[in-house]
Structure formats: C-alpha cells, structure tokens
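Scroll down for the structure; my scribbles are underneath it.
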Amino acid sequence: MVSASNGPDTQPQARFSRRTLTKIAGATAAVAASRRWSAPALTRAQGLSGEITVSFEDTNGILGPAVDQAVQTVTGANAGTEIETKQAPGGNFATQLFLALSTNRGPDVFALTGLGIGELSAAGFLEPLTPRLDAWDGWAQYPDVVRGAITYQGNVWALPYVVDTHFFYYRKELFERAGLTREWQPATPDDVLAAARQLKANLPDIIPYALYAGANGGNGTPIRGFLPLLYSYGGSMTDESGKWIIDSCPIRNTLTYYATAYQTDQTVPQQAMTAADPAKTMRDALGNGELGILYEGSWVYGELEANNAQDTHDNIGYVLHPTADGRPPFAVGGIGNCWYINAKSQNKDLAWEFVKEMLSKGNQVALNLADPHIPARNDAAADPAFQDNPFHAAMIASLSALRIGPPDPAYRSLIGIVQNATGIVATGEATPEEAVQRYAEELTKALGADKVVSQPCP
C-alpha cells in the first residue's frame, strides 16, 4: 500500500521472512467493524472438474458470506467440483499461510492484503495471472492506477476487490468552538498545523491533532504519516531509475513538519506515538469528540458511522490531503485485500473460476458498501449505490486523486526505517537533520549503496 515508482529488481528466489508475513497479517487485520453483507447476483460458468481449497481471514464478518455464495455458484455450475473453504481464526493468518506455502501445503486460492504481492511473487509462491486476463471481461474494468499497483516484473500476481483511500478527518463542532470554519479544506500542510494550534489554544482539554510516528504506529506511520507529507512537499520514494531516495528537500521538510507538530507546537501528544495501539486510540478519540484532526483510511468513516451515525453525519468532516506548492489535493491510495492463486495449485483453472466469481461487479459493490473502500472495478465504482451516501460519493471521487504505485519488496525494509526517523524526531531525541542522516544510513545499509540515491537540498 505504498505509492512509489518501480523499485529495484528482486531475484525470484528471494526469501520471504516470517516477520514479514506477521506484518502483513497486521495490515490485513486493520478493517472496519462488522456490518451486514447482501449477496449480489452472480454469473455461472461451466465445464470444470476437481477440487480446490480456499483460505481467507474474515475479521469483520463481511467476506465469509461472499465466499460461500461464490462456492455455491461455481460448484453448482460444475458437477463433480468441490471447493473447501478454510476461514482463519485471525491474528496469525499470514504467518500460517507463509509456512504452508513454503512447504507446498498452501491453499489453492487465498485472500491477503496487496502488501504481499512483490515479496510473495519474488519468493515463487504465486501463479502469474497475466496469461488469463485478456480472456476475462472483468480485466477491462480495472483502471490503470490499479493495474500498475498489482504488476511486478511484468506480471499481474493478484487481483484486488478493494482499493484503499484516505482523508483528513476533522470534528466540525470542535472546529466551530475553536473559531475555525466547519467547512474546512486546508490549502497547504501549514494550514493543518495552524488549525491544530488554534484548536490547542481554544480547546485545551482535547487532542488537537494526531500524526502517526514510531514503531507502535505500524504501517500507519509510513502510509498515513510520512508518505502523505512527502508527497505533499513534492517528493517521492524513488527516482525515475527506480533508486530509493535517501535524502531530499521533501524528506527534510517532512521530518521538520514532525518536529513542529510534536515538539515546537506540541499539538500532537506523545500518546499518538506511544499508545499500545495508536490507531485504535486515536480513532476512538475522534469518534468520542476528543480529537480534532486525523489522517486515516476510508474504512474509519464506516466504523464511526456504525457506532453513531447521526454524530458522524453531523460532525465528521473529510477532505483530501493538501500540497505545499499549489498542486491539487490528493489521497494516498493502496491495494487492499486481493485474491491470489498458489503457484503449486494442481487445479488452477478451477481456482481461476473461483477468483473471477469473487471479483464480480456485484460482489465488489456489496463488499465495499459494507466496509467503505473504493471497488477495484470501474463498473462497480460507478454503481449508483455509492451516490446514496455523501461519504461514499467522496470516496469514489477520490479515485482520480490517488497516489498509488506498483509493489516493491524493498518497501518492507523502509517501514522500520521510517518508524525510526519519525520516532526520534517526535520524541525530540534527534533534530530533523540528524534524523535524515540516520534515515539515509539505515536505508543504504538495508538496500545497498547501488540501490539508493541522494537528492540533497541546494
């Protein structure tokens, strides 16, 4: 779920660690609260035989009914086929999946966050889907921004049914009480800091602003903290040749922003970084009227709406992320849960038929209405049902403003390095300049000097 251009190549036999899969499991588990799912009408295919196993995690109770419906459709249309489903209990699904794949015991089909595409394919665990795409009418419905985000080394390795987007959420009634406008659209990152300062000055009992930093923020630290600021200041993770940038004006500006928010203005409390689960803590504070500003995923609105629909509709505002130089506002995007086919599957045709059923327009509409995300298919995103709710309409509209790029195994090395750099600035342990130096040293050590480039400020 990172917006970056093509990174360095990874050898096909690259190792995929248990620690990596544990992190992927954590990202997969970050979904919305339980809501009802209504089964769409599905098309049927015929002429298949044999059996497959399907494995997935269903932390919010939404995916399971869709899987059951797809199983009934495929097996009902193909006499003699059998599809066994294995729903993971939750918590360590990705780790268990890795162990199974590495010993040739993995399921034929599985659902997992798109964060795993680069590393799983590089490890040789995935069946490339590219040869099947031209004959599937659904492929034409996948926009270029999504296609690029699921392509690695010339092949598509997984197909998503959800696309992540993000917003700056803010409490309108807190803004009003602090003398700010209820209809807020910051023009620059400095406008966000200014609003936080005004909230702090006029409402001392609330948390003005939450900005994820450090290790406890998990993948939220790079995706919902560091990266949107980097893009806002005109930066990127890699240069045009695919080398990872270890020093640049945008990186320095981003870490300076952290220092301002955490240390100079102190509008972001240390709790936003040190809480055992900062994301849950800050989301709860937003929902309870105790937090003014938070940059988070679209699914968070669904959580807030489920807990208190009237308050959410009346008081939760949502806007795109501003840029520092007058470019249009944007949203950090990412590939959410995808369907993968095991390279070792003995029945890839049946596996593909199941995947197609799961990725139907109807399924994507139903799943993304229940747990607010952008459907991966254009025809699903265009469904009128998304226009019935103003937030859903804004979510769909943000597709044209997404910053999202292809998967790269090197990104996994970046997560801890971003956590370290933001964390030492947020606590005051290091200045932004010192943090940039450490960031550069750690990223160079992780990737190799030939894979990185410096673009220091003039």
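Data table
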quantity	calculated
Protection proxy ranking of 188-194, 74-80 - average other beta-carbon atoms within 10 Å, highest first	188-194, 74-80
Rounded Å value of the spacing that divides the Cα centres of the range 236-312 and the range 388-402	20
Rel. contact order, % - alpha carbon contacts under 8 angstrom, at least six apart, the chain	29
Selection from Tyr258, Leu199, His166 lying farthest towards where the dipole of the range 166-332 points positive, charges on Cβ	Tyr258
Antiparallel bridge percentage (DSSP; both residues within the chain; nearest 5)	55
Ala401 versus Ser241: modelled label distance in nm, points set 7 Å from Cα along the beta carbon direction	3.5
FRET E, pair Asp137, Asn307, Förster distance 30 Å, beta-carbon r, rounded to 0.05	0.15
Where no second cysteine Cβ lies under 4.7 Å, the cysteines concerned in the chain	Cys338
Distant-in-sequence amide H partners of Leu126 (H built 1.01 Å from N, under 5 Å)	Ala343
Electrostatic dipole magnitude of the chain [Cβ: Lys, Arg +1; Asp, Glu -1; Cα centre; debye, to 20]	520
Count, lysine Cα pairs under 18 Å in the chain, 8 or more residues apart or across chains	7
Angle in degrees between helix 348-358 and the longest Cα principal axis of the chain, rounded to the nearest 10	50
Sum of side-chain charges, Thr431 neighbourhood, beta-carbon under 14 Å (Lys, Arg +1; Asp, Glu -1)	-1
Net charge of Cβ neighbours under 12 Å - reference Ile417; Lys, Arg +1; Asp, Glu -1	+1
Set of the range 355-392 residues, backbone N closer than 14 Å to the point 7 Å along the Cα-Cβ line of Arg147	377-378
Whole-number percent relative contact order across the range 166-332, with pairs defined as alpha carbons under 8 Å at least 6 apart	42
Estimated inter-spin distance, Gln346 and Ala215, nm [label 7 Å along Cα→Cβ]	4.4
Thr130 paired with Glu429, simple spin-label distance in nm, labels 7 Å along Cα-to-beta-carbon	4.3
Around Gln346: net Lys/Arg minus Asp/Glu count, Cβ-Cβ under 11 Å	-1
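Each value in this text was obtained by applying a stated rule to the coordinates, not by laboratory testing. All values derive from a computational prediction rather than experimental measurement. Note that we place each Cβ from the backbone using ideal geometry, even for glycine, and neighbour counts take in every protein chain shown.
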